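Colleague: Pasting a structure below so you can have a look.
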Amino acid sequence: MKEHVSRKALVVKHLSSLPVGAVATEETFDRPFADLFADSVWLLRHAERATDDDIHGTLSRESLMASLFLLEAAANTCIESLDLVSAVFGEIDRLPVLAKYDIYLRTRFRRRHLDRGARPVQALRELKALRDAYAHPKPQKVVWEQSAESLTAWPQLTAMLKVRTNPHDWYSDDAVIVMRSVHAFLSHFFREQCRFRPTHVAGLLFSEEDIPVAERGTTMCFDRSIRLDLKRWRIDVSYCRLCWLSN
C-alpha cells in the first residue's frame, strides 16, 4: 500500500538513501483530485472566518467551484483507467460529465449503467448548471422589491439543492451544500454503482500512474483539521480511504 501526502499536510514524500553519486528518477502523473479536495475545505474554512463580506463571498465561490471540479476530475480519471485508444478517448473526453460516468460503468462492468433516477444523480444536473453559470458567465436577472425605505432583492434558488443560482450571491452555506452534494454523488457512484471498496476508490483517484488501476493500493494523507471541518459540515467522504495527520 503506497501512501502519498498532500502538500497541504506540510509533509513531503521521503526517498530511501542512495549510493553516493547515484541519481534517482521516477516518472509520476499528478492528478488534481487531492488538491481540489483540500482547496475546497481550506477555502470554505477561511470564508467562514472572514469578517469582510466581499472576502467571504470570494472565498465561498472559489470553494464551491473546487468542489464542483472534483466531479470532473473523478470522471476524467475513470475514463483514463479504461485505457482507450487515443481517438476514442478524445471523443469521450469532450462529453458532459454525466455521460463520462455512464460510459465508465457500461464499459467497466457488464449490465451496469448510471441510475439517472437516483437523487444524487438528479442533483448532479443542478451542480452542472451551477458550474456552467460560473464558467460561462452571462447576465443574471435580479428582481428588486421596493418598500417604504429600501429595495430588496430575493435570490433565486435551485429546485432540489436550494443553492443560490447567481454566483454573485454564493455564500458559505451554498458552498457547504454543494460540497455535501458532490461527495454524496461520488459515494453513490463508487459505492453503489461501481461497488468499490474505499481502498479501490483511493487507488483510482490518487493514482500517480499513467493508466490508473483501482486495485493498486494508494491513499492520500491530509491534515487532521480537514476531517474535523468535514464532520462539522456533515460531509461523508468514507467512500474513499484517506489518512489523517496531526500537526
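The values are calculated or read from the model by the stated rules, or taken from the named source; none is laboratory data. Quick caveat, the model's predicted, so the values are computed rather than measured. As a convention, Cβ positions derive from the backbone with ideal geometry for all residues, glycine included, and neighbour counts pool all protein chains shown.
Colleague: Checking the structure you have, find out if any residue of the stretch 58-73 is β-branched (V, I, T) and not in a helix (DSSP H, G or I).
Modeller: Within the stretch 58-73, none of the residues are β-branched (V, I, T) and not in a helix (DSSP H, G or I).
Colleague: Let me ask something else. I need the full set of residues from the stretch 191-212 which are loosely packed, with under 14 Cβ neighbours inside 10 Å and either hydrophobic (A, V, I, L, M, F, W, C) or assigned to a helix (DSSP H, G or I) (or both), in order please.
Modeller: Scanning the stretch 191-212 gives E192, I211.
Colleague: Let me ask something else about it. Answer with yes or no whether L151 is of a type in the set (A, V, I, L, M) and modelled with pLDDT of 90 or more.
Modeller: No.
Colleague: Suppose we filter the stretch 6-28 for residues that are more than 18 Å from the chain's Cα centre (by Cα) and either among the basic types (K, R) or modelled with pLDDT of 75 or more (or both); how many remain?
Modeller: Count: 3.
Colleague: What residue, among those in the stretch 213-247 that are assigned to a strand (DSSP E or B) and among the polar types (S, T, N, Q), is farthest from the chain's Cα centre (by Cα)?
Modeller: Out of the qualifying residues, it is T218.
Colleague: Return only the number of the condition from (1) within 25 Å of A50 (Cα to Cα); (2) exposed (fewer than 14 other Cβ atoms within 10 Å of the Cβ) that Y171 does not satisfy.
Modeller: Answer for Y171: the failing condition is (2).
Colleague: Next question, about the same structure. When F109 is evaluated against the numbered criteria (1) surrounded by fewer than 13 Cβ atoms within 10 Å (Cβ to Cβ); (2) free of Cβ contacts under 8 Å to residues at least 60 places away in the same chain; (3) of a type in the set (F, W, Y), which criterion, by number, is the only one it fails?
Modeller: Failed condition: (2).
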